[in-house]
Amino acid sequence: MQINTIVKFKKIIMLALSICLFFMSVPAYAALQLELTQGVAGAIPLAIVPFTKQSAALPTDVSKVIRDDLANSGRFNVLPAAELRQFPHNLLAINYNYWRKLNVNDVLIGTVKKITSNRYAISFALIDVYRNQTNDDNKNQVLVARKFEVDAAGMRHLAHHISDVVFEQLTGQRGVFNTRIAYIVVQRYLNKPVKYSLEVADADGYNPRPILVSPQPIMSPAWSPDGKSMAYVSFEHKHAQIYIADLATGKRTLVANYPGINGAPAWSPDGNKLAIVLSKSGNPNIYLKNLQTGKLRQLTHGLAINTEPSWSPDGSSIIFTSNRGGGPQIYRFNLADDQVTRLTFAGNYNARASYAPDGKSIVMLHRQGGLFNIAIQDLASGVIKTLTTDGLDESPSMAPNGDLILYASQYGGRGVLGVVSTDGRVKIRLPAREGNVQEPAWSPYLS
Amino acid sequence: MRHLNILKITALIIAMTSLSACSSMHSNSATGHGKSGAYGGGGVSAYGLGKQQGFDSRQYGFVNGKPTKQTYHFDFDSSQVNPTYFNNIKAQAHYLAMHPNARVRIEGDTDERGSREYNVALGEQRADSIENLLLINGASRKQITVVSYGEEKPIALGHNEAAYRLNRRADLIYTAN
């Protein structure tokens, strides 16, 4: 097919692929099955025409991945494929009246063609069916169109990339379909040791890969800002230690092994320092570990619990949980002058806070009426809004676009992951195939 | 090395003194209660010492003179030791004082509610509370190691208060006796 507006985009894809290389050697399957449980009322109506008829013969059904991404985001009302009667693969084949009658604003069309044994050409065009037709070639209706070449292993990530492009074009917000999530899976068997594993999967739960498997607890995974390393707490030696793992090679470095607690690692935005919690002084305090020099700087003092540090996006301050006022509340430590300010006042249990990417709000664990839920607090007004209602929610982790929060929840008596939008309108559940899933961490943008 | 906080020790000495008075008040009770960790309806039960002099070591998990694992339970978000355990802890401390080669590991745990790393901190404070009582009563620091697993190692898997009560605990485990 000939589309003049097609843009070559191979460079970005090659970059994405090189980052994803080590995830490619196993067949794609999902350990977590994503289910949209609540979508936006005014979701954007969209039709996605299957890119090819023989999708089963291809390594990845690209248009199905895109359909699942966009439908599960809660922001789109994607027309069921079974309701489609027309299947255009190029602009000239589009009958605009047909799509307008289906009440969709936009139609995504595309093609997948096998070039060589392991090489595929994939193209897509997103079409606004209400724009005026100015001439015969229908170019004016194209919002965005691109063409790519990938091998079999890259098809799924390319599909997520197309989802990102469509999402941004239609919502104005950057998509997170090509990001990853880390989480801990706990499997308890009768008469066998408990199995803890730290895994990394695509944002939709596909391609899960273990980073560490242990008979002892693993906690607090934290992505480095470049997405290439992960810090975590391991009890493999029957006490807490903090390690940093290189995600490409699996090589790991022991970074904190002091007497008592070694916990809650949090990377500085520049990736040079790790905020950690140590109790070597007698009670848990927050320290900064310089990853180049190894030097340690103690931030908090006193007799209370000080834990769960999280950096402001500009790196100027650290928020943390402390029970210095009685119950756990969120405080801010200003790194320039060591001043500590209390940030939360609603309720008697607020913990595990982290900043939104714009620094204007924090998400945290908030107890209300005996129930533990995820809440967001606007820092300027102090107004707090509870986003979940499950009652045993914890460990909120924000997506890099600031739109979604991944958290741990309970469903059917098991630990599962949930996603809620920061406006509370979209809810997604990611139950595990087996075991309990806990302590999720959303990756930064990876390309 | 971990530093014991002077204020904490002082507070504990005061607590222990008042507890001795308390337990002697109840010492006329006819039988001792051998099951550590038992809870009464109000969350507190009184334990008598029996008529014999000193401790009846069997009450505190000693089997043929050898100590066994002890479990002490706590209230939600609290690291205060329930006074019903004071005599038990004293008995463990005395054993440690009499057996310099004996070693214990104290594991602090919480229920599943609340934040995980905060619970690690809370579990450590629970284990620290037990450690401090052992030290005050004659155990030596080098005999004791402390670890907190927070909410990561529940012994009861339910999502209800019955399970939570069992999981809010500090386990005293003899690694050498």
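The values are calculated or read from the model by the stated rules, or taken from the named source; none is laboratory data. Remember, it's a predicted structure, so these values are computed and weren't measured experimentally. Neighbour counts are summed over all protein chains in view; Cβ atoms, including those assigned to glycine, are modelled from backbone coordinates with ideal geometry.
Data table
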{"read-out": "Qualifying residue in segment A:423-446 (condition: in a strand (DSSP E or B) and either hydroxyl-bearing (Ser, Thr, Tyr) or without any contact (Cβ under 8 Å) to a residue 60 or more places away in the chain (or both))", "value": "no"}
{"read-out": "Some residue of segment B:156-174 being within 16 Å of the chain's Cα centre (by Cα) and aromatic (Phe, Trp, Tyr)", "value": "yes"}
{"read-out": "Among (1) surrounded by fewer than 22 Cβ atoms within 10 Å (Cβ to Cβ); (2) under 21 Å from A:Ser279 (Cα atoms); (3) more than 10 Å from every other protein chain (Cβ to nearest Cβ), the one test that A:Gly359 misses", "value": "(2)"}
{"read-out": "Qualifying residue in segment A:123-143 (condition: over 23 Å from A:Trp267 (Cα atoms), in contact (Cβ under 8 Å) with a residue 12 or more places away in the chain, in a loop (DSSP other than H, G, I, E, B) and hydroxyl-bearing (Ser, Thr, Tyr))", "value": "yes"}
{"read-out": "Qualifying position, being among the small types (Gly, Ala, Ser) and over 23 Å from A:Arg425 (Cβ atoms), among A:Ala351, A:Ala356", "value": "A:Ala351"}
{"read-out": "In segment A:417-426, residue farthest from the other protein chains (Cβ to nearest Cβ) [restricted to those that are surrounded by 19 or more Cβ atoms within 10 Å (Cβ to Cβ) and not hydroxyl-bearing (Ser, Thr, Tyr)]", "value": "A:Val426"}
{"read-out": "Listing of strands (runs of 3 or more DSSP E) fully contained in segment A:226-283 that carry 2 or more residues being more than 18 Å from A:Ala353 (Cα to Cα) and of a type in the set (Val, Ile, Thr)", "value": "A:241-246, A:252-256"}
{"read-out": "Selection status of B:Glu152, surrounded by 22 or more Cβ atoms within 10 Å (Cβ to Cβ), within 26 Å of A:Tyr407 (Cβ to Cβ), of a type in the set (D, E, K, R) and within 11 Å of another protein chain (Cβ to nearest Cβ)", "value": "yes"}
{"read-out": "Any chance A:Pro309 is in the same structural domain as A:Ser220 (by TED's automatic domain parsing) and part of a loop (DSSP other than H, G, I, E, B)", "value": "no"}
{"read-out": "Restricting segment A:213-231 to residues that are within 14 Å of chain B (Cβ to nearest Cβ) and more than 14 Å from the chain's Cα centre (by Cα), the residue that is nearest to A:Thr307 (Cα to Cα)", "value": "A:Ser220"}
{"read-out": "Members of segment A:348-378 that are part of a loop (DSSP other than H, G, I, E, B) and in contact (Cβ under 8 Å) with a residue 24 or more places away in the chain", "value": "A:Ala356, A:Pro357, A:Asp358, A:Gly359"}
{"read-out": "Extreme residue, farthest from the other protein chains (Cβ to nearest Cβ), among residues of segment B:128-149 that are within 20 Å of A:Lys280 (Cβ to Cβ) and small (Gly, Ala, Ser)", "value": "B:Ser140"}
{"read-out": "Verdict on A:Asp204 being in a loop (DSSP other than H, G, I, E, B), in contact with an Asp or Glu (Cβ under 8 Å, 6 or more places away or on another chain) and more than 12 Å from chain B (Cβ to nearest Cβ)", "value": "yes"}
{"read-out": "Count - residues of segment B:157-177 that are modelled with pLDDT of 95 or more and among the polar types (S, T, N, Q)", "value": "2"}
{"read-out": "Residues located in segment A:385-401, provided they are part of a strand (DSSP E or B), of a type in the set (Gly, Ala, Ser) and more than 11 Å from every other protein chain (Cβ to nearest Cβ)", "value": "A:Ser397"}
{"read-out": "Residue match in segment A:330-337 (condition: within 9 Å of chain B (Cβ to nearest Cβ), crowded, with 16+ Cβ neighbours inside 10 Å and within 18 Å of A:Leu387 (Cβ to Cβ))", "value": "no"}
{"read-out": "Failed criterion for B:Gln70 (all others in (1) at negative phi; (2) within 14 Å of another protein chain (Cβ to nearest Cβ) hold)", "value": "(2)"}
{"read-out": "Top-ranked residue of segment A:256-295 - restricted to ones that are within 14 Å of chain B (Cβ to nearest Cβ) and on the phi > 0 side of the Ramachandran plot, ranked as surrounded by the most Cβ atoms within 10 Å (Cβ to Cβ)", "value": "A:Ala264"}
{"read-out": "The listed residue being farther than 18 Å from A:Arg352 by Cβ and either crowded, with 17+ Cβ neighbours inside 10 Å or within 16 Å of the chain's Cα centre (by Cα) (or both), out of A:Leu446, A:Leu387", "value": "A:Leu446"}
{"read-out": "Pairs where the first residue, in segment B:63-90, is assigned to a helix (DSSP H, G or I) and the second is among the small types (Gly, Ala, Ser), C-beta under 6 Å, 6+ apart", "value": "B:Thr84/B:Ser45; B:Asn87/B:Ser23; B:Asn88/B:Ser36"}
{"read-out": "Filter result for A:Arg342 (surrounded by 21 or more Cβ atoms within 10 Å (Cβ to Cβ) and basic (Lys, Arg))", "value": "no"}
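Residue-by-condition table, conditions (1) modelled with pLDDT under 90; (2) of a type in the set (Gly, Ala, Ser); (3) in the same structural domain as A:Gly205 (by TED's automatic domain parsing):
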site	(1), (2), (3)
A:Met1	yes, no, no
A:Ala16	yes, yes, no
A:Leu34	yes, no, no
A:Lys53	yes, no, no
A:Val65	no, no, no
A:Asn77	no, no, no
A:Ala81	yes, yes, no
A:Asn103	no, no, no
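Residues are listed down the side, and each one gets a yes or a no for (1) farther than 19 Å from A:Pro269 by Cβ; (2) of a type in the set (Ser, Thr, Tyr); (3) in contact with a Ser or Thr (Cβ under 9 Å, 6 or more places away or on another chain):
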position	(1), (2), (3)
A:Ser316	no, yes, no
A:Thr321	yes, yes, yes
A:Gly325	yes, no, no
A:Pro328	yes, no, yes
A:Asn334	no, no, yes
A:Thr344	yes, yes, no
A:Tyr355	no, yes, yes
A:Gln368	yes, no, yes
